[in-house]
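Worksheet: one structure, shown below.
No lab work stands behind these numbers, since they all come straight from the coordinates. Remember, it's a predicted structure, so these values are computed and weren't measured experimentally. We place every Cβ from the backbone using ideal geometry, glycine too, and count neighbours over all the protein chains shown.
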Amino acid sequence: MQVRNRGFGPLYLGGIVSAVVPIKLLNVNEAAPMIGKTPASLRWMIHTGTAPKSALIGGRRMFRESDVIAWINAAFEESA
């Protein structure tokens, strides 16, 4: 079964349409406090490749809220 999701709208599961799954996007200023960093520190983490997954969307660096939460959870799992 192939899963396709173009970011916003319904999730297509092999011809079956599931409920709409909203994706919350965060900019650097919104994501930084979630991980306890300043926006400048988060930009440095992006530069060094240690930040949560992000993408340039419309010329702006954006994070999916779910990716930031997953990054936090992974940090706790690594330390356990």
A student asked for the Cα radius of gyration and Dmax of the range 37-80 in angstrom ought to give 11.2, 38
Extension length gain for Ala55 and Glu77 (0.36 nm per residue less Cα distance), in nm, is 5.5 nm
Burial-style ranking of 44-55, 60-71, average other-beta-carbon count within 10 Å with highest first, yields 60-71, 44-55
Taking a crude spin-label model, label points 7 Å out from Cα along the C-beta direction, the Ile46 to Asn29 distance in nm is 1.4 nm
